[in-house]
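Please read the structure below before turning to the comments.
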Amino acid sequence: MATTQKSKPTAGDSRIADNKKALFNYAIEERFEAGMVLQGWEVKALREGKVQLTDGYVVIRDGELFLIGCQINPLRTASTHVTADSVRTKKLLLHKEQIQRLIGKVEQKGFTLVPLNLHWKGGHVKCEIALAKGKGEHDKRDTIKEREGKREVERAMKSRNR
C-alpha cells in the first residue's frame with residue numbers, strides 16, 4: 001500500500017526567492033552561504049513561496065549576522081498560539097572565521113552585505129549573502145546598456161535562424 005506525500009525539495013537545491021535588485025544595485029565581490037534560524041511557521045510559509053527578499057539587508061551586531069527586512073508572510077492556517085511577525089529579524093549562521101573576515105571587509109569603505117537568494121539545501125533553508133559595493137548611477141546605466149545589447153543580439157540571431 002503506497003502512501004502519497006508532498007515531495008520535499010531534493011538534492012537539486014530549489015530556489016525559494018531571489019533578490020534581483022541586489023545584482024542591479026551592487027557589484028558583487030564575494031558570495032557566502034549562510035544557514036538561517038527560523039520558526040516553524042516561517043518554514044511552512046517558505047515551502048509555499050510566501051517570501052519577499054528585495055528590501056532585505058544584512059547587519060552585524062555583537063559578532064553575529066542578522067537578516068533584516070526579509071518579509072515572510074504567514075499562512076492563513078498558521079497556528080493560533082504563535083504570533084507571526086512577518087518582518088522578524090532572522091539570525092544567519094556562518095563560521096566564526098568567516099564572520100570575522102566579513103566584519104573586517106564591511107568596516108572598509110563602501111562594502112555592505114546583501115542577501116541574494118533563499119534556497120533549500122538538504123532539507124534546510126540557506127541564504128546566499130554577498131559582500132558587495134554599491135554601484136554608482138553611471139554603472140547602473142552601463143548595466144542597462146549591456147543588457148539591451150544582449151537582447152538585440154539574441155533577437156538578431158533568432159530572426160536569422162528562421
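The values are calculated or read from the model by the stated rules, or taken from the named source; none is laboratory data. Not measured: the values here are computed from a predicted model. Virtual Cβ from ideal backbone geometry, glycine too; neighbours counted across all protein chains shown. The area values use the complete protein model at the heavy-atom level, side chains included, leaving out ligands, DNA and RNA. Shrake-Rupley method; radii C 1.70, N 1.55, O 1.52, S 1.80 Å.
Of all residues in segment 22-61, those being of a type outside the set (Val, Ile, Thr) and open to solvent by 30 Å² or more (accessible area, probe 1.4 Å) number 21. Residues that are modelled with pLDDT under 85 and among the hydrophobic types (A, V, I, L, M, F, W, C) number at least 2 in the following strands (runs of 3 or more DSSP E) confined to segment 5-97: 26-36.
Annotation: GLN108 fulfils all but one of (1) within 22 Å of the chain's Cα centre (by Cα); (2) at pLDDT below 85; the unmet one is (1).
For VAL106, the requirement of being in contact with a Ser or Thr (Cβ under 8 Å, 6 or more places away or on another chain), within 29 Å of GLU137 (Cα to Cα) and surrounded by 12 or more Cβ atoms within 10 Å (Cβ to Cβ) is met. Of all residues in segment 139-150, none are modelled with pLDDT under 85, surrounded by 17 or more Cβ atoms within 10 Å (Cβ to Cβ) and either under 17 Å from GLU33 (Cβ atoms) or of a type in the set (S, T, N, Q) (or both). Among the residues of segment 122-134, those that are assigned to a strand (DSSP E or B) and over 15 Å from ASP18 (Cα atoms) comprise HIS124, LEU131, ALA132, LYS133, GLY134. Do we have any residue at all in segment 115-134 that's loosely packed, with under 11 Cβ neighbours inside 10 Å and either β-branched (Val, Ile, Thr) or within 22 Å of ALA27 (Cβ to Cβ) (or both)? Looking through segment 115-134, none of the residues is loosely packed, with under 11 Cβ neighbours inside 10 Å and either β-branched (Val, Ile, Thr) or within 22 Å of ALA27 (Cβ to Cβ) (or both).
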